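The values are calculated or read from the model by the stated rules, or taken from the named source; none is laboratory data. All figures in this text were calculated on a predicted structure; none of them were measured in a lab. Cβ: placed from backbone, ideal geometry, glycine included. Neighbour counts: every protein chain shown.
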């Protein structure tokens with residue numbers, strides 16, 4: 001609780017909003033001035049986090065391209081028998097980014113994390129991702145509407 005209070009104090013002093021991702025309860029909270037103003041059910045990574053990740057939203061992309069990793073492309077081929085392209089355009093039903101993504105710069109990790117929509121809304125509420133945080137497409141659009149043009153801190157914790 002003390003760490004959450006220090007986060008909230010830092011938020012008030014430097015950031016307009018805080019996105020707090022709680023992977024254990026599979027929820028994303030949008031916090032302003034210490035109050036939860038929105039919350040969303042999410043899909044989380046298959047693995048557990050070894051530490052809390054802190055950073056900030058540096059870019060929002062609507063209708064993003066998706067560049068699946070080699071590991072994801074291999075798994076897709078094993079599962080479907082088909083090749084997955086190295087770049088998948090917006091609107092393609094295979095595009096795992098959904099309708100939008102938030103790009104986050106973490107202070108204590110080089111992990112390429114995204115918070116994004118999804119082409120698999122049935123995955124929401126489960127631990128199934130390769131590392132990103134997924135929201136329903138309508139929820140990521142709602143979140144973006146609330147955070148656009150604001151300074152947003154992001155904390156991801158177990």
Members of the range 44-58 that are out of contact with any helix residue (DSSP H, G or I) (no Cβ under 9 Å at 6 or more places or on another chain) and part of a loop (DSSP other than H, G, I, E, B): 46, 47, 48, 49, 50, 51
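Could you please find all residues in the range 59-71 being surrounded by fewer than 15 Cβ atoms within 10 Å (Cβ to Cβ), at negative phi and either over 15 Å from the mean Cα position of the chain (by Cα) or not in a strand (DSSP E or B) (or both)?
65, 67, 69, 70, 71
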Qualifying residue in the range 107-117 (condition: under 12 Å from the mean Cα position of the chain (by Cα), assigned to a loop (DSSP other than H, G, I, E, B) and buried (at least 17 other Cβ atoms within 10 Å of the Cβ)): yes
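Quick one: is residue 145 out of contact with any strand residue (DSSP E or B) (no Cβ under 7 Å at 6 or more places or on another chain), surrounded by fewer than 17 Cβ atoms within 10 Å (Cβ to Cβ) and modelled with pLDDT of 95 or more? Steps first, please.
Values: out of contact with any strand residue (DSSP E or B) (no Cβ under 7 Å at 6 or more places or on another chain): yes; surrounded by fewer than 17 Cβ atoms within 10 Å (Cβ to Cβ): yes; modelled with pLDDT of 95 or more: yes.
The answer is yes for residue 145.
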Counted residues, the range 42-58 - those being surrounded by fewer than 14 Cβ atoms within 10 Å (Cβ to Cβ) and at pLDDT 95 or above: 0
Only one of 83, 121, 41 that is free of Cβ contacts under 8 Å to residues at least 24 places away in the same chain, in contact with a helix residue (DSSP H, G or I) (Cβ under 9 Å, 6 or more places away or on another chain) and under 25 Å from residue 27 (Cβ atoms): 121
